[in-house]
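Enquirer: If you scroll down you'll find the structure; I have some questions about it.
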Amino acid sequence: MAAKYGLGIDYGGTKILGAVVDLATGQVIGSAKKRTSFADGSEELLERIISVGVGALKSASLKAKDLEGIGLGAAGQVDAKRGVLLGTPNLSQAVVDLPVAKRLADEFKVPATLANDVHVAALGEARFGAGVGAESFLCVFVGTGIGGAIVLRGKLMLGRDGTAGEIGHATVVAGGRLCGCGGAGHLEAYAARTAISRRLLGEMKRGRNSILSDLEPDLVNKDALRSDVTFRSGTLATAIEEKDALVIEAVREAGWYLGIGLASAVNIVNPDRIILGGGAIEALPLMVEVARETVRAEALPVPAKSADIVTAGLGDHSGVVGAAIIGAESGRK
Ligand SMILES: [Zn+2]
């Protein structure tokens, strides 16, 4: 039997990654990526997404007609049923009501579907990654924002409107910091890379020293409240390696808040596993370590003991593999 392929595209906070995936093995056959631009409007974003798709096909030496389908996972508000990207508050203010699934299907002449980026990543992890063998797990991805998904008995929980699992908007400090969604005290406002960056820039403005002024001299002079002013996870990792006290303190603090949010989720869901992924998690093991200690200390003892906290098995590829799977499934409907 000939191999079956899907094209998965992951639209995240720093980049758009596309990959052609062998659906039987989860293997990435070819890939391409582009940086995300905060200035993009709907048409510019669509162009970038299409060019990443074309690049991934080229790198796999395949044509669109070889695909079972295309899936797009997007870090934003999505109407998965209609395939419409409603808005991307953390990525670009100018993308509104983009019927991206239809536009991709028209462009590549194969079925296409849209879903929440972490829902898609959870499917990738369930099928080929750290979720294999777990009956129920939470997937939590930390990057520019924080996304989540709940898989129970092997099934992704969507909820009535498809928003289930949004742990980034769980309240960790009642009446606390303003969140990107307009709410107050949500986990994302304390533990996402944007939140860590704001905290660091604020402390540096108030006179604390950090190696970040040498690593990113341009960034530290910018307005800390602009959502696109963030330190890359790799830069934070370098600062930790250099034993920078301020960065260590800020990352530990973010890990603690992450652990507080996860502890509540563990109490409510009682999962076998928590799978942590995303750029900040991959680059900052200190954050994972502190979150793990905090869950042990703060959640109820029985579910805390059962929940293994692990990192994503597919690394950077969870999203594209999951997206390829949903794309192919939409093609079979
Ligand atoms: Zn929020």
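Readers should treat all values here as calculations from the given coordinates under stated rules, not as data from a laboratory. Just so it is clear, the structure is predicted and the values come from calculations on it, not from any experiment. Glycine also receives a Cβ, built like all others from the backbone with ideal geometry; neighbour counts cover every protein chain displayed.
Enquirer: With a point put 7 Å past each Cα toward its Cβ, work out how far residue 181 is from residue 77 in nm, to one decimal.
Expert: Simple spin-label model gives 1.1 nm for this pair.
Enquirer: Right, here's the next one. Can you give the Rg and Dmax of the chain based on its C-alpha atoms, in angstrom?
Expert: Cα only, the chain: 19.4, 65 Å (Rg, Dmax).
Enquirer: Something else about it: Using only Cα atoms, tell me the angle between helix 245-269 and the longest principal axis of the chain; keep it within 0 to 90° and round to the nearest 10.
Expert: For helix 245-269, the angle is close to 60 degrees.
Enquirer: So how do 258, 276 line up by other beta-carbon neighbours within 10 Å, fewest first?
Expert: Least to most surrounded, the residues fall as 276, 258.
Enquirer: Turning to a different aspect of this structure: Using DSSP to define loop residues, name the trypsin sites (Lys or Arg not before Pro) in segment 226-267 whose beta-carbon has at most 16 other beta-carbon atoms within 10 Å.
Expert: Sites meeting the loop and neighbour criteria: 226, 243.
Enquirer: Count the DSSP beta bridges whose two residues both fall in segment 133-312, then state the antiparallel fraction as a percent rounded to the nearest 5.
Expert: The antiparallel proportion sits near 55 percent.
Enquirer: While we're on this one: Between segment 116-152 and segment 209-280, what is the C-alpha centre distance in whole Å?
Expert: Centre-to-centre distance over Cα atoms comes out at 20 Å.
Enquirer: Here is a further query. Does a label point 7 Å from the Cα of residue 2, set along Cα-to-beta-carbon, have any residues of segment 106-129 with amide nitrogen under 17 Å, and which are they?
Expert: 109-111
Enquirer: Please order 82, 48 by the number of other Cβ within 10 Å, starting at the fewest.
Expert: Fewest to most other Cβ atoms nearby, the residues stand as 82, 48.
Enquirer: With charges only on Cβ, +1 for K and R and -1 for D and E, what is the dipole size of segment 94-238 about its Cα centre, in debye, rounded to 20?
Expert: Rounded to the nearest 20 debye, it is 200 debye.
Enquirer: Of all DSSP beta bridges in segment 42-180, what percent run antiparallel (nearest 5)?
Expert: If we restrict to bridges inside segment 42-180, about 75 percent are antiparallel.
Enquirer: Give me the lysines in straight-line cross-link reach of residue 34: C-alpha distance below 17 Å, same-chain residues under 8 apart excluded.
Expert: Within reach: 15, 58.
Enquirer: Determine the percent antiparallel among the DSSP beta bridges restricted to the chain, to the nearest 5.
Expert: 60
Enquirer: Please determine, in degrees from 0 to 90 and to the nearest 10, the orientation of helix 318-332 with respect to the longest principal axis defined by the Cα atoms of the chain, where the helix direction is its Cα long axis.
Expert: So the helix axis and the longest Cα principal axis differ by about 30 degrees.
Enquirer: Near the amide H of residue 309, under 5 Å away, which other amide H atoms are found, from residues 5 or more places off or on another chain, if H is placed in the peptide plane?
Expert: Distant-sequence amide H within range of residue 309: 274.
Enquirer: If you place +1 on the Cβ of every Lys and Arg, -1 on the Cβ of every Asp and Glu, and leave all else neutral, what size is the dipole of the chain about its Cα centre, to the nearest 20 Debye?
Expert: 520
Enquirer: If packing is taken as the mean number of other Cβ atoms within 10 Å per residue, what is the order of 177-185, 18-26, highest first?
Expert: 18-26, 177-185
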